[in-house]
1. How many residues are touching a Leu at 6+ places or on another chain (Cβ under 6 Å) and small (Gly, Ala, Ser) when one looks only at region 313-359?
2. Being open to solvent by less than 10 Å² (accessible area, probe 1.4 Å) and closer than 25 Å to Arg138 by Cβ: is that true of Glu397 here?
3. Those residues that are basic (Lys, Arg), assigned to a helix (DSSP H, G or I) and under 23 Å from Thr303 (Cα atoms), I need them from region 389-433; list them, please.
4. Looking only at residues in region 27-50 that are among the small types (Gly, Ala, Ser) and farther than 19 Å from Leu266 by Cβ, which one is most open to solvent (accessible area, probe 1.4 Å)?
5. Looking at region 178-187 only, could you name the residues that are open to solvent by 10 Å² or more (accessible area, probe 1.4 Å) and in contact (Cβ under 8 Å) with a residue 24 or more places away in the chain?
6. Residue under question is Pro53, and the condition is that it be of a type outside the set (D, E, K, R), part of a loop (DSSP other than H, G, I, E, B) and open to solvent by less than 60 Å² (accessible area, probe 1.4 Å); does it hold?
7. I'd like to check something: does region 217-239 contain any residue that is within 27 Å of Leu266 (Cβ to Cβ), free of Cβ contacts under 8 Å to residues at least 12 places away in the same chain and hydrophobic (A, V, I, L, M, F, W, C)?
8. Under the condition of being closer than 30 Å to His58 by Cα and touching an Asp or Glu at 6+ places or on another chain (Cβ under 8 Å), which residue from region 93-129 is surrounded by the fewest Cβ atoms within 10 Å (Cβ to Cβ)?
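The values are calculated or read from the model by the stated rules, or taken from the named source; none is laboratory data. If you're wondering where the values come from, they're calculated on a predicted model, not measured in any experiment. Positions of Cβ are generated from backbone atoms using ideal geometry, with glycine treated the same way; all protein chains shown enter the neighbour counts. Ligands, DNA and RNA are excluded from the accessible area calculation, which covers all protein heavy atoms including side chains. Shrake-Rupley method; radii C 1.70, N 1.55, O 1.52, S 1.80 Å.
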Amino acid sequence: MRVKKCFIIVLMLAGTLSVRAQSVLEIIRQNPTFAVTNYATYPDSANYPMTAPPAGKHPFYLSHYGRHGSRYISRRMGYDIPYNMMCRADSMGLLTPTGKEVLKQITSILEDSEMRWGDLTSYGHYQIRQISARMIQRFPEIFEGEAYVSARSTTNNRCILTMASSMLELMKCNPKLKIRMESSMYTMWYMNHQDTLLSKHAMPPAVKAAHEAFAAQHKGNPQLMKQLFTDPEKVREVVDELKLNYFLIKMGLFQHHTHFYQKGYLMDLFTTEDLHRLWENDNAWWYINHGAYKLNGGKQPYTQRYLLRQLINDADSCMRRERPGAQLRFGHDTVLLPLVCLIGVNGYDLETDNLEELEAKGWWSSSVFPMASNIQFIFYRENPEDQDVLFKVLLNEKEATLPIATDCAPYYHWRDFREHYLKKIDDYDCMYR
């Protein structure tokens with residue numbers, strides 16, 4: 001049986017790698033927002049296939065952590081930096097006709113976003129409603145009748161509104177649901193834990209130097225300055241080329257999340273290759289700060305050990321009920337990504353000291369935490385007395401793999417999961433207590 005289980009894991013991992021065989025460059029060509037990692041738009045997940053559970057097993061409980069839906073940029077600084085650079089160049093009479101149009105579009109975008117920094121957009125509400133509707137459509141047994149739904153969010157406004165939008169959609173699908181919503185500092189210790197000790201060690205001098213060396217090989221748009229400025233050399237007095245390149249791309253692609261989206265001068269400045277270089281740099285940064293990067297110790301995913309332990313404890317508690325229903329949690333990208341890495345979903349527990357390997361080995365942060373991203377644990381059993389509880393993991397509504405043995409992929413035995421991950425957390429706590 002052990003050989004059979006290991007063989008199944010090999011097959012599953014091979015399947016995961018084949019899914020990632022499409023190049024990032026090609027994905028960006030089809031969907032440019034993939035290039036902006038945590039600003040990527042949520043994929044259309046309506047038609048992802050679901051593997052039937054083993055005979056006799058039925059879904060009875062759903063546990064979830066999701067990022068808020070699409071939002072406006074969180075700080076005005078992201079718009080002020082390119083805006084101020086372009087205004088200074090304009091005051092010096094150094095803008096080309098293209099540069100003048102770019103400044104005009106930046107101004108319009110900034111005005112539309114004023115006082116909306118970080119707010120959930122109408123598109124964000126739409127995403128969350130669609131995801132919630134698909135939960136009920138795929139797992140009606142969990143949400144039927146007077147099923148209980150516990151919903152918690154961080155205290156951030158966009159997360160609270162995301163939770164509310166999700167619950168309204170669930171109520172629309174089934175008005176009999178018994179829903180309880182909560183947003184409190186009381187639960188922030190696991191809903192959005194910020195581990196200052198680990199964060200302090202994420203980017204020591206050696207790591208910073210490695211990232212800078214990587215970035216130097218994957219930088220910028222060499223034509224940008226000529227497109228925008230009549231005298232590229234003179235304008236360098238007031239324009240930081242790398243920052244301008246970075247923020248113009250982000251600003252242009254960010255509009256996909258708002259009602260103000262329009263194709264125009266901003267994205268016409270950049271080729272697919274330019275966007276890919278931005279992605280390479282951003283992806284490496286996210287890996288360093290939240291993945292198992294060997295050069296900084298590889299422990300950054302443990303920032304979410306409290307959340308993982310809570311997910312396990314909540315599931316153990318809920319499974320004692322005849323009808324546990326669903327527990328939905330709404331938070332942030334800086335929680336979801338390290339949680340996925342800590343669990344090792346789809347190979348995101350990758351350990352390497354070579355940032356150049358990330359793309360080839362499939363560590364693509366954009367696939368994990370676009371706006372509205374989520375991880376769902378769906379639990380199955382024959383009846384409340386059934387001790388062999390199975391579950392599967394959906395990452396952004398796609399069936400996912402885990403680095404533990406199973407004889408019923410993509411389903412796993414809950415007892416194996418809890419034993420493996422509680423030991424993993426305990427071992428870390430013992431080592432660093």
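1. Within region 313-359, residues that are touching a Leu at 6+ places or on another chain (Cβ under 6 Å) and small (Gly, Ala, Ser) number 1.
2. Here the answer is yes, as Glu397 does meet what is asked.
3. Arg418, Lys423, Lys424
4. This residue is Ala46.
5. Lys178, Ile179, Arg180, Met181, Glu182, Ser183, Ser184, Met185
6. Against the criterion (of a type outside the set (D, E, K, R), part of a loop (DSSP other than H, G, I, E, B) and open to solvent by less than 60 Å² (accessible area, probe 1.4 Å)), Pro53 qualifies.
7. No, region 217-239 contains no residue that is within 27 Å of Leu266 (Cβ to Cβ), free of Cβ contacts under 8 Å to residues at least 12 places away in the same chain and hydrophobic (A, V, I, L, M, F, W, C).
8. The selected residue is Arg129.
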